[in-house]
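Here is the structure we will look at, set down as structure tokens.
The values are calculated or read from the model by the stated rules, or taken from the named source; none is laboratory data. All values reported here derive from a predicted model rather than from experimental measurement. Heads up, the Cβs are rebuilt from the backbone with ideal geometry, glycines too, and the neighbour counts pull from every protein chain shown.
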Amino acid sequence: KPVIVWIRRDLRLADNPALLEAARTGRSVIPVFIADGTLAGLGAAPEWRLKLGVQHFAETLRRTGSRLLFRQGEALPVLRALVAETGATDVYWNRAYHPDEIARDSEVKSELKAIEITAKSFPGNLIFEPWQVQTGAGGFYRVFTPFWKNARGLPVSDVMPAPQTLRVPDHWPASDNLAAWASRHRMNRGAAIVAPYLLLGEQAAQHRLQAFCDERLQDYARDRDFPAKPATSGLSEPLAYGEISPRQIWQRAKVLWEQGVGGAETFLKELVWREFAYHLMYHTPHILTRNWRAEWDAFPWNTDENHPHVIAWKQGRTGMPFVDAAMRELYVTGRMHNRGRMIVASYLTKHLMTDWRIGQRWFSDCLTDWDPASNAMGWQWAAGCGPDAAPYFRVFNPETQLQKFDPGGTYRHAWIAEGDLCASETAQYYFKAIPRSWHLQAGNTYPAPVVTVKDGRERALSAYETRSF
Ligand code: FAD
């Protein structure tokens, strides 16, 4: 009797508890990926990247002699049908934590149990389960530092090996055609240049982790804020699709921390920010859609997505070079450096006084490492309305930030062509990648600021001060 392994965002063989447990039963294993309704909200870049990830994982499984079935439809009927077709008695999966996924998985679990199927979920996608890190009073954390101080001392189990073999069923059930999986969006934004920035698959992620630990970790704390330096791990993308597990990263870096390698503690702390984001999404799911602090509902944010300032922000034409460089990097590569994310989010929510959800949506359409928990927490943090947020009166100055974090102008040169006599290839490529309807060309003059640093700051602060938060 086969075991079905329901593959979701855990596209890896190693440290995959559901897959390993299924292999250990000694029975045949049927891995299946289901394109269901929880994927409906995906933006263009993450949808495109997920499909590539699933195709890549299908190939990886094929090389082990197994397969990845692909089915489209709602998870429960698909699994029920698969159980009926194959005679499987067990369905295993690794847990997901988005509220829609929790609701779906709870229903699937109870419905499968009702037909005498063993449905088991495993912890595989976080280092700490969201309920595992608790305050002294048994509640959840709203502030990062005490969360970190608690989490860093908790035991973390060893990384699990990849299954040695995956027994195949006598007959493979039919699969829908993965290549014909119809994307809802056309990912035409510079796919040609996005591709070289991709970090696709388990092996590539492991190589990246190794190279990062060998070559960059030592200087991570010093260099991680400079967007032109390749100083960070770049692992957020494979993490978002489970091509690497956070525990694999944690265990590797933890050893280096214990050996006193510089940068290791700072890096582990960043990794735990991701855990904190999931902790918050689990305990306060409204972080995804509403101001985390309800008093912010009264703030007079612009909510017009078609406001010229918002359009200029999306297109990287605000006249603020740091903001524009980062927004163009995002559009072309599907990535943006963390310092850039903080600057563009601050500029949108403070200088342009625009609702953070407009920025959140644009990021969710453009980021190949899009993660609902980290994205929502990042935006609410930048806007000032989230847990442990940067206070609203702390307004990043994109001009001084550029001087400080891009002193040689390398980042600016990489992304802004206008007015640059020897514009870089990437900066020029931006104009090829964007839609014609934006009516932009490399030869345009660089715009004057849509809102100056001083005016924007004063306007935001006076709006803030008239509300008594
Ligand atoms: P590294 O510096 O190498 O850090 C290692 C890992 O730690 C990252 O891969 C990531 O998993 C985690 N991490 C680091 N910083 C953060 C953070 N601030 N919050 C949560 N986890 C963190 N990250 C995403 O993965 N997806 C998103 O959609 C996302 N949206 C964001 C939106 C805003 C407005 C902001 C300010 C931040 C956002 N982040 C998001 C967090 C952060 O910018 C990225 O995780 C980081 O830039 C990824 O690069 P890296 O892998 O090289 O990071």
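Some notes on this structure:
- Residue match in segment 278-296 (condition: within 15 Å of the ligand (Cβ to nearest atom) and within 22 Å of A205 (Cα to Cα)): yes
- Pick from segment 187-227, criterion within 14 Å of the ligand (Cβ to nearest atom) and of a type in the set (D, E), ranking: surrounded by the fewest Cβ atoms within 10 Å (Cβ to Cβ): E215
- Where a residue in segment 335-346 is in the same structural domain as T426 (by TED's automatic domain parsing) and more than 8 Å from the ligand (Cβ to nearest atom) and its partner, wherever it lies, is assigned to a helix (DSSP H, G or I) and small (G, A, S), with Cβ under 7 Å and at least six apart: G340/A326; I343/A326; S346/A382
- Boolean, Y278 is crowded, with 21+ Cβ neighbours inside 10 Å, of a type in the set (F, W, Y) and closer than 30 Å to E425 by Cβ: no
- Within segment 88-107, considering residues that are not in a helix (DSSP H, G or I) and not hydrophobic (A, V, I, L, M, F, W, C), the one farthest from A40 (Cα to Cα): T89
- Of all the numbered requirements in (1) surrounded by fewer than 17 Cβ atoms within 10 Å (Cβ to Cβ); (2) farther than 21 Å from L69 by Cα, N177 misses one, and that requirement is (2).
- Only listed residue being within 13 Å of the ligand (Cβ to nearest atom) and over 30 Å from R152 (Cβ atoms), chosen from A326, A253: A326
- Test result for G419, away from the ligand (no atom under 16 Å from the Cβ), part of a loop (DSSP other than H, G, I, E, B) and either in the same structural domain as G456 (by TED's automatic domain parsing) or free of Cβ contacts under 8 Å to residues at least 24 places away in the same chain (or both): yes
- Top-ranked residue in segment 358-379 [being touching a helix residue (DSSP H, G or I) at 6+ places or on another chain (Cβ under 7 Å) and more than 9 Å from the ligand (Cβ to nearest atom); ranked as nearest to G41 (Cα to Cα)]: D365
- Residue that is touching a strand residue (DSSP E or B) at 6+ places or on another chain (Cβ under 9 Å) and not assigned by TED's automatic domain parsing to the domain that holds D388, where the choices are P130, P146, P163: P163
- Scanning segment 432-469 for residues that are free of Cβ contacts under 8 Å to residues at least 24 places away in the same chain, more than 30 Å from V194 (Cβ to Cβ) and assigned to a loop (DSSP other than H, G, I, E, B) yields T452, S468.
- Failed item in (1) under 24 Å from S364 (Cβ atoms); (2) surrounded by fewer than 19 Cβ atoms within 10 Å (Cβ to Cβ); (3) touching a Leu at 6+ places or on another chain (Cβ under 7 Å); (4) modelled with pLDDT of 95 or more, with L52 passing the rest: (4)
- Residue identified as assigned by TED's automatic domain parsing to the domain that holds A312, surrounded by fewer than 20 Cβ atoms within 10 Å (Cβ to Cβ), closer than 30 Å to A463 by Cα and within 16 Å of the ligand (Cβ to nearest atom) among D355, D388: D388
- Qualifying residue in segment 143-155 (condition: surrounded by 14 or more Cβ atoms within 10 Å (Cβ to Cβ) and part of a loop (DSSP other than H, G, I, E, B)): yes
- Among the strands (runs of 3 or more DSSP E) confined to segment 1-87, the ones with at least 2 residues that are under 30 Å from M187 (Cβ atoms) and touching an Asp or Glu at 6+ places or on another chain (Cβ under 7 Å) are located at 69-72.
- For segment 93-133, taking the residues that are polar (S, T, N, Q) and touching a helix residue (DSSP H, G or I) at 6+ places or on another chain (Cβ under 9 Å), the one that is surrounded by the most Cβ atoms within 10 Å (Cβ to Cβ) is identified as N94.
- Subset of segment 380-410 [in contact with a Gly (Cβ under 6 Å, 6 or more places away or on another chain) and at pLDDT 95 or above]: Q380
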